[in-house]
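> One structure, pasted below without further comment.
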Amino acid sequence: MAQVTVMIDGKAYRMACEEGQQEHLSDLGQRFDQYVSHLKSQFGEIGDLRLTVMAGIMVMDELSEITRRLSSLETETANLRHGRDAAVSDASRTEEALAAALGDVTTQIQSLAAKLHGRPGS
């Protein structure tokens, strides 16, 4: 198991992670530190625990919003797929009807041509 040291509010935290995940964990630590730093700049020294809890709540708020957006996009995607499938089905039925109509017209033209060729003097 690999280990990474992340800095949050100027303090080092040593964490274990799966091999190959070190850079990802470091990036997450840096991003979380930005939340803590932002809150610290707004509220000053209000205590490490309070800053950490507030930063965690901010992250969860963003996660909640992203989850809501994802759900909305999934619903929209499902509706678009349904609409696409209905349009493809309609187009297929239209093509079949058109092919049948063209077949009927072809048969009628062939019948008329046969009658015209069979007439004396034509």
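> To the nearest 10 degrees, how steep is helix 48-118 against the longest Cα principal axis of the chain, on a 0 to 90 scale?
10 degrees
> If you don't mind, there's one more thing I want to ask. Net charge around ARG68, counting only other residues with Cβ within less than 13 Å of its Cβ (Lys, Arg = +1; Asp, Glu = -1)?
Spelling it out: positives minus negatives among the neighbours equals -4.
> OK, next. Rounding to the nearest 10 and keeping the result within 0 to 90°, find how far the Cα-based axis of helix 22-43 lies from the longest principal axis of the chain.
The helix 22-43 is inclined about 70 degrees to the chain.
> Within a 10 angstrom radius of the beta carbon, how do PHE43, PHE32 rank from fewest other beta carbons to most?
PHE43, PHE32
> Of the listed values [x] 106; [y] 196; [z] 160, grab the one calculated as volume of the Cα convex hull per residue in Å³ from the structure here.
[y]
> Using +1 at the C-beta of Lys and Arg and -1 at the C-beta of Asp and Glu, which of THR94, LEU73, LEU49 has the Cα lying farthest in the positive direction of the dipole of the chain?
The listed residue farthest towards the positive side: THR94.
> Here's another thing I want to ask about it. When LEU25, LEU73 are ordered from fewest to most other Cβ atoms inside 10 Å of their Cβ, what list results?
LEU73, LEU25
> To the nearest 20 debye, what charge dipole does region 2-115 have about its Cα centre, counting +1 at the Cβ of each Lys and Arg and -1 at the Cβ of each Asp and Glu?
180 debye
> Quickly estimate the mean residue ellipticity at 222 nm for the chain, helices only: each DSSP H run with n ≥ 4 gives -39500 (n - 2.57), and the total goes over all residues, rounded to 500.
It comes out at -28500 deg cm²/dmol, rounded to the nearest 500.
Bear in mind these aren't lab numbers, they're just calculated from the coordinates by the rules spelled out. Computed from a prediction, not measured in an experiment: that's the story for all the values here. Counting neighbours? That spans all protein chains shown, and the Cβs are built from the backbone with ideal geometry, glycine included.
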